[in-house]
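Right, one structure below, let's go through it.
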Amino acid sequence: MDKLDEIFAMQASLDAYIAETRGLEGKYTGSEWIQKKSLALIDEVTELLNEINYKWWKNEKPINDRAVKEELTDILHFFVSMCIDAGMTAGELHDIYCEKNKENIARQQGLSQKKGYCRSND
């Protein structure tokens, strides 16, 4: 099992445990879970922002690298959980990511058919 497959398996197990112990099995549809987890993910992004001094109107504090990494991991938890709710496997995520990454590179190189990405200096 590769690392991404392991993460997906661990997240599926955690999600099942939470649903069972909190009486949530069958309570929400897949799209409702994605909506709820999207909001939770946004909350985790906000927690990440609070760790990295984004508030220019406040005095900066030392950045806690460990806390930043933990918030990024929390974001990953909800992201992977939403992938699972959408019926996506680790392999599908990898394949779609690779396709999208290739397209994003083409866009930056001005080689994409999608409008709005050509470089003005080309």
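Just so it is clear, none of the values below were taken in a lab; they were calculated from the coordinates. Keep in mind that what you see is a predicted model, and the values were worked out from it rather than measured. As a convention, Cβ positions derive from the backbone with ideal geometry for all residues, glycine included, and neighbour counts pool all protein chains shown.
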task: State yes or no: is E51 at negative phi, surrounded by 10 or more Cβ atoms within 10 Å (Cβ to Cβ), under 13 Å from the mean Cα position of the chain (by Cα) and touching a residue at least 12 places away in the same chain (Cβ under 8 Å)?
output: no
- prompt: What number goes with the only condition from (1) surrounded by 12 or more Cβ atoms within 10 Å (Cβ to Cβ); (2) in a helix (DSSP H, G or I) that C118 does not pass?
  reply: (2)
query: Do we find a residue being among the hydroxyl-bearing types (S, T, Y), assigned to a helix (DSSP H, G or I) and touching a helix residue (DSSP H, G or I) at 6+ places or on another chain (Cβ under 7 Å) anywhere in the range 87-108?
result: no
- request: Please work out which residue is farthest from the chain's Cα centre (by Cα), limiting yourself to the range 97-106 and to residues that are surrounded by fewer than 14 Cβ atoms within 10 Å (Cβ to Cβ) and hydrophobic (A, V, I, L, M, F, W, C).
  value: I105
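A quick yes/no check of all residues on (1) among the acidic types (D, E); (2) surrounded by 15 or more Cβ atoms within 10 Å (Cβ to Cβ); (3) in contact (Cβ under 8 Å) with a residue 60 or more places away in the chain:
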{"site": "E60", "(1), (2), (3)": "yes, no, no"}
{"site": "A67", "(1), (2), (3)": "no, no, no"}
{"site": "I75", "(1), (2), (3)": "no, yes, no"}
{"site": "F79", "(1), (2), (3)": "no, yes, no"}
{"site": "A86", "(1), (2), (3)": "no, no, no"}
{"site": "D95", "(1), (2), (3)": "yes, no, no"}
{"site": "G110", "(1), (2), (3)": "no, no, no"}
